[in-house]
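*Asks:* First the structure, which I've put down as structure tokens, then a few questions once you've had a look.
Every number in this text was worked out from the coordinates using simple rules, so none of it is lab data. None of these values were measured; they are calculated from a predicted model. Here the Cβ positions follow ideal geometry from the backbone for every residue, glycine too, while neighbour counts run over all protein chains shown.
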Amino acid sequence: MRIRWTPAAAADLDEIHAYLVEHHPQLAQSTILELYNGIRSLKDSPHRGRPGREEGTRELLFGRLPYVAAYRVKQQTIEVLGSVLIRVPYRAVPRDRKNQFPKW
């Protein structure tokens with residue numbers, strides 16, 4: 001299986017990294033590596049993520065990390081659609097974004 005990162009997914013990973021470097025520099029490298037390796041592990045078991053919020057997608061959770069990655073399995077390709085932060089304290093989410101989840 002081949003893994004293909006969409007531009008949106010690559011941008012999400014860059015944004016997560018930039019945020020961590022600014023706010024939690026000691027966690028930046030290990031977190032990004034764990035996210036990247038989690039996605040790579042889909043090569044061996046592409047359907048292990050839970051069914052996604054949108055038809056035809058799946059979501060990979062990252063155990064101790066507060067992120068979920070959306071992806072789609074297409075023949076011999078895993079298409080990574082995006083990664084978002086989840087399980088954030090409710091008060092930390094801007095008022096205009098409460099109850100929103102990105103469309104992939």
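*Asks:* For Y19, Y71, which order do you get if you count the other beta carbons within 10 Å of each Cβ and list the fewest first?
*Replies:* Details: Y19 13, Y71 27.
Result, fewest neighbours first: Y19, Y71.
*Asks:* Hey, rough spin-label estimate for L61 and Q75, points 7 angstrom out along Cα→Cβ, what's it come to in nanometres?
*Replies:* Label-label distance for L61 and Q75, simple model: 3.3 nm.
*Asks:* Then there is this: For segment 2-88, rounded, prolate or oblate, judged on the Cα gyration tensor with a ≥ b ≥ c (square roots of eigenvalues), a/c < 1.5 rounded, else prolate if a/b > b/c?
*Replies:* Values: a/c = 1.88, a/b = 1.77, b/c = 1.06.
Because a/c hits 1.5 or more and a/b exceeds b/c, segment 2-88 counts as prolate.
*Asks:* Something else about it: Relative to the present Cα-Cα distance, how much length would full extension add between Y19 and R53 at 0.36 nm per residue of separation? Mind showing how you got there, number by number?
*Replies:* Numbers: separation 34, 0.36 × 34 = 12.24 nm, distance 2.55 nm.
The span from Y19 to R53 would gain 9.7 nm if fully extended.
*Asks:* Given R₀ = 41 Å, FRET efficiency for L27-T6 by Cβ-Cβ distance, to 0.05?
*Replies:* Result of the calculation: an efficiency of 0.95.
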